[in-house]
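Engineer: Handing you this structure, nothing more for now.
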2 protein chains.
Amino acid sequence: MELKEKKLSSKEIYSGRIVNLYVDDVLLPNGQQSKREVVRHCRASAVLAFNDKGEVLLERQYRYPYDEVITEIPAGKCDGDEDPLETARRELEEETGYCAKSLSYLGKIYPTCAYTDEVIHIYLAKDLVRTHQHLDEGESLEYGFVPFQSLLQDISENKVPDAKTLAAVSFYLAGKEKAGQ
Amino acid sequence: MELKEKKLSSKEIYSGRIVNLYVDDVLLPNGQQSKREVVRHCRASAVLAFNDKGEVLLERQYRYPYDEVITEIPAGKCDGDEDPLETARRELEEETGYCAKSLSYLGKIYPTCAYTDEVIHIYLAKDLVRTHQHLDEGESLEYGFVPFQSLLQDISENKVPDAKTLAAVSFYLAGKEKAGQ
């Protein structure tokens, strides 16, 4: 089945600090025309970081769109064409004051594929060394380690809605299942 | 630590079919002012559906922002104030022609918490009965069942970037771990 759509034209609606909104005219596989609203966003990285006790590093951060403080793994946007691995290393240290001696790639996620082009690259961090937290101006967050089983418990009780955190756990558990085969 | 921000004013930038963009002025915990770009979106539901063989129902759909055909669980937007459970039931049947006799709640996800307020409610579907697919006009997708272990294998090989699908697997595996305790 032909599934692909063809871009006919693109119009910039808004260019902001985080969000750039476009409305494109597209040709559908059935020959009809339609519009696609696309929020273009820079790439980002997120980090599932474990300490030597097998505890995972989580943040508590206020998220304005939800008017809620939520639990998340450390994450942040790539600066320009920064390598996502470097973004992961930098954001982990800036937000929590931990430097990871070991960082390996878990996978990429498309957070909401219908209307943004955002990609978040997720890394597994181990061998953490304490350095110094240095938050961006105006950035506020709390952080701490929790046992991985407690995170799973919270996920099963619907207390962790953040998609990148859930995706990181999915990559990690799927990798463990594969290794256990 | 005070983490919460206070809305001072809100300006609508764009009101579209899927996306509504606002730029708000906010007061930060440190007393400074800042701007928040927020994509307001209706609620949505997604369904992790298993057949009697323990295989999971997956779709292949072209996603314009990524110019890519990706693998996803069935999902769709709530019609107005439709109950997300009803959305899950309706979208599953419309997109794949399967009606679920059993639907239970797994949890909600915030796909990209920094700049949208979208919430996707995820359900577990079992006891599927074949009825009829009836796609929206202009909607194109393929679907089929795959063994759950194959999905895990694909996730561990970074072949499944869709966040709601990864989150659904995370809810499901976390629930299984809890049940196995």
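Any read-out appearing in this document is the output of simple, stated calculations on the displayed coordinates, not a laboratory observation. Please read all numbers here as calculations on a predicted model, not as lab measurements. Cβ placement follows ideal geometry from the backbone for every residue including glycine, while neighbour counts extend to all protein chains displayed.
Engineer: With the Cα gyration tensor of the stretch B:58-181 giving a ≥ b ≥ c as the square roots of its eigenvalues, does the rule (a/c under 1.5 for rounded; else a/b larger than b/c for prolate; else oblate) give rounded, prolate or oblate? Before the final figure, lay out each step's value.
Structural biologist: Values: a/c = 1.20, a/b = 1.12, b/c = 1.07.
Rounded, since a/c falls under 1.5.
Engineer: What is the magnitude of the charge dipole of chain B about its Cα centre, with +1 placed on the Cβ of each Lys and Arg, -1 on the Cβ of each Asp and Glu, and no other charges, expressed in debye to the nearest 20?
Structural biologist: Details: 23 positive and 32 negative charges, 127 e Å.
Using only the charged Cβ atoms, the result is roughly 620 debye.
Engineer: Copy-to-copy spacing for B:Cys42, label 7 Å out on the Cα-to-C-beta vector, in nm, shortest first?
Structural biologist: Computed spacing set for this position: 3.4 nm.
Engineer: Looking only at other chains, what is the average number of their beta-carbon atoms within 10 angstrom of each beta-carbon in A:68-81? Don't jump to the answer; show the numbers that get you there.
Structural biologist: Working: counts 4, 3, 2, 0, 3, 0, 0, 2, 1, 1, 0, 0, 0, 0.
Partner Cβ neighbours, averaged per residue: 1.
Engineer: Gap in Å between the Cα centre of the stretch A:35-62 and the Cα centre of the stretch B:31-101?
Structural biologist: Cα centres, the stretch B:31-101 to the stretch A:35-62: 21 Å.
Engineer: Moving to a separate point now. Label-to-label distances across copies for A:Lys108, with labels 7 Å out along Cα→Cβ, in nm, shortest first?
Structural biologist: Here the equivalent label points are 3.0 nm apart from this one.
Engineer: Against the longest alpha carbon principal axis of chain A, how many degrees, from 0 to 90 and to the nearest 10, is the axis of helix A:84-96 turned?
Structural biologist: Orientation of helix A:84-96: about 50 degrees from the principal axis.
Engineer: Filter the trypsin sites (Lys or Arg not before Pro) in the stretch A:18-108 to those in DSSP coil with at most 10 other Cβ atoms within 10 Å of their Cβ, and list the result. Show your work: numbers first, answer last.
Structural biologist: Details: sites: A:Lys35, A:Arg36, A:Arg40, A:Arg43, A:Lys53, A:Arg60, A:Arg63, A:Lys77, A:Arg89, A:Arg90, A:Lys101, A:Lys108; in loops: A:Arg43, A:Lys53.
In loop regions of the stretch A:18-108 (DSSP not H, G, I, E or B), the sparsely surrounded trypsin sites (Lys or Arg not before Pro) are A:Lys53.
Engineer: If we hang a label 7 Å off Cα along the beta carbon direction at B:Gln133, how far is it from the matching labels on the other copies, in nm, shortest first?
Structural biologist: 5.0
Engineer: Additional query: Among B:His121, B:His134, which comes first, then next, by fewest other beta-carbon atoms within 10 Å?
Structural biologist: On the way: B:His121 23, B:His134 10.
Ascending number of Cβ neighbours within 10 Å: B:His134, B:His121.
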